[in-house]
Amino acid sequence: MTSSPAPVIAVDGPSGTGKGTLCVRLARRLGWHFLDSGALYRVVAALAERSGLSPGDGPRLGRLAATLDIAFREVHGGIRVHCNNEDLTEVVRTESCGAAASKVAALPEVRAALLVVQKGFRRAPGLVADGRDMGTVVFPDARLKVFLTASPEARAERRYNQLKQQGINVRLATLRQDIGERDVRDSARTVSPLRPATDAVVVDTSDLGIDAVFERVLCLVSDRDAGGG
Ligand code: C5P
């Protein structure tokens, strides 16, 4: 007898929509595992740079991505990203690493390697997966698919405040431009472009605080558990 795979809640959308915060809270509330798929692309970009690999070298970067042993650990209420037992949290959270990640994310070899890595995070009792293609490509059978959107202005401002809190200084205008460029790259690429799954619930978070978004999504989770949709 084969047991059914662990349930997944897929949360997709562009950066600055509040996905990360929402997913960490959801995973905590449900006692489920958490996958920050963007961090995987960031780790590949960071390690590629460290090894002097060209960001366009698909075959080599694909092989690098296949060897990663990544874990998310909760330390003092925050999530740390560990790779092959090294804490890479500070390295991967910079804006330049995010921009480099969106370039390596367009390489089919990297996406194929990380597809396997991402599926490995699916374990009982369940997984909350944060990304761009969780509902469309990685976990198409997710129990619930949520797609968060927000205006570019709201997203840039949110990201600005987040970085400021972390002690990172950036200009709002630069951030807005970076977000715009990253959106174009993520939506226009041929492999796994950023788009909502046809069966995703779209939530616009432009005028919603994190608590409101969290409550809204918890209601969707309860609806699914009760057999609605
Ligand atoms: O979410 P985060 O900003 O950390 O993601 C960094 C980059 O990784 C994104 O801009 C996107 O290009 C890429 N990414 C992706 N697919 C995912 C998650 C992230 O292509 N599932």
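The values are calculated or read from the model by the stated rules, or taken from the named source; none is laboratory data. Being a predicted model, the structure only gives us computed values, none of them experimental. Cβ: placed from backbone, ideal geometry, glycine included. Neighbour counts: every protein chain shown. Note: areas computed on protein heavy atoms with side chains; ligands, DNA, RNA excluded. Shrake-Rupley method; radii C 1.70, N 1.55, O 1.52, S 1.80 Å.
In segment 41-53, the residues that are without any contact (Cβ under 8 Å) to a residue 24 or more places away in the chain reach residues that are open to solvent by 10 Å² or more (accessible area, probe 1.4 Å) with C-beta atoms within less than 8 angstrom, at least six apart or across chains, in these pairs: SER51/LEU64; LEU53/ARG60; LEU53/LEU64.
Taken together, VAL110, VAL128 contain a single residue that is open to solvent by less than 40 Å² (accessible area, probe 1.4 Å), more than 11 Å from the ligand (Cβ to nearest atom), modelled with pLDDT of 95 or more and of a type in the set (Val, Ile, Thr), which is VAL128. Taking segment 175-191 as the range and being open to solvent by 50 Å² or more (accessible area, probe 1.4 Å) and of a type in the set (A, V, I, L, M) as the test, the residues that pass are VAL184, ALA188. Can you work out which of the residues in segment 1-27 that are modelled with pLDDT under 90, open to solvent by 30 Å² or more (accessible area, probe 1.4 Å) and polar (S, T, N, Q) is farthest from GLY209 (Cα to Cα)? In this case the residue turns out to be THR2. Residues in segment 79-107 that are among the hydrophobic types (A, V, I, L, M, F, W, C), closer than 26 Å to ALA142 by Cα and surrounded by fewer than 19 Cβ atoms within 10 Å (Cβ to Cβ): ILE79 only. Restricting attention to segment 177-223, the residues being β-branched (Val, Ile, Thr) and under 19 Å from LYS145 (Cα atoms) number 9. Scanning segment 48-63 for residues that are open to solvent by less than 50 Å² (accessible area, probe 1.4 Å) and either among the β-branched types (Val, Ile, Thr) or in contact with a helix residue (DSSP H, G or I) (Cβ under 6 Å, 6 or more places away or on another chain) (or both) turns up ALA48, LEU53, GLY58, LEU61, GLY62. Selection of segment 79-99 for residues being of a type in the set (S, T, N, Q) and in a helix (DSSP H, G or I) yields THR89, SER96. Put simply, of SER187, SER192, SER151 the only residue that is among the polar types (S, T, N, Q) and more than 16 Å from the ligand (Cβ to nearest atom) is SER151.
Within the option set LEU220, LEU194, LEU172, being more than 19 Å from the chain's Cα centre (by Cα) and surrounded by 17 or more Cβ atoms within 10 Å (Cβ to Cβ) holds for one residue only, LEU220. Considering the conditions (1) small (Gly, Ala, Ser); (2) over 13 Å from the mean Cα position of the chain (by Cα); (3) crowded, with 20+ Cβ neighbours inside 10 Å, ALA154 is excluded by exactly one of them, (3). Is one or more of the residues making up segment 132-144 open to solvent by less than 40 Å² (accessible area, probe 1.4 Å), of a type in the set (Val, Ile, Thr) and out of contact with any Gly (no Cβ under 8 Å at 6 or more places or on another chain)? Yes, that holds for at least one residue. Among the residues of segment 65-78, those that are more than 15 Å from the ligand (Cβ to nearest atom) and either surrounded by 15 or more Cβ atoms within 10 Å (Cβ to Cβ) or over 19 Å from ARG93 (Cβ atoms) (or both) comprise ALA66, THR67, ASP69. Quick check on segment 1-58: of everything there that is basic (Lys, Arg) and either closer than 22 Å to THR205 by Cα or over 14 Å from the mean Cα position of the chain (by Cα) (or both), which residue is nearest to the ligand (Cβ to nearest atom)? Per the stated criteria, the residue is LYS19.
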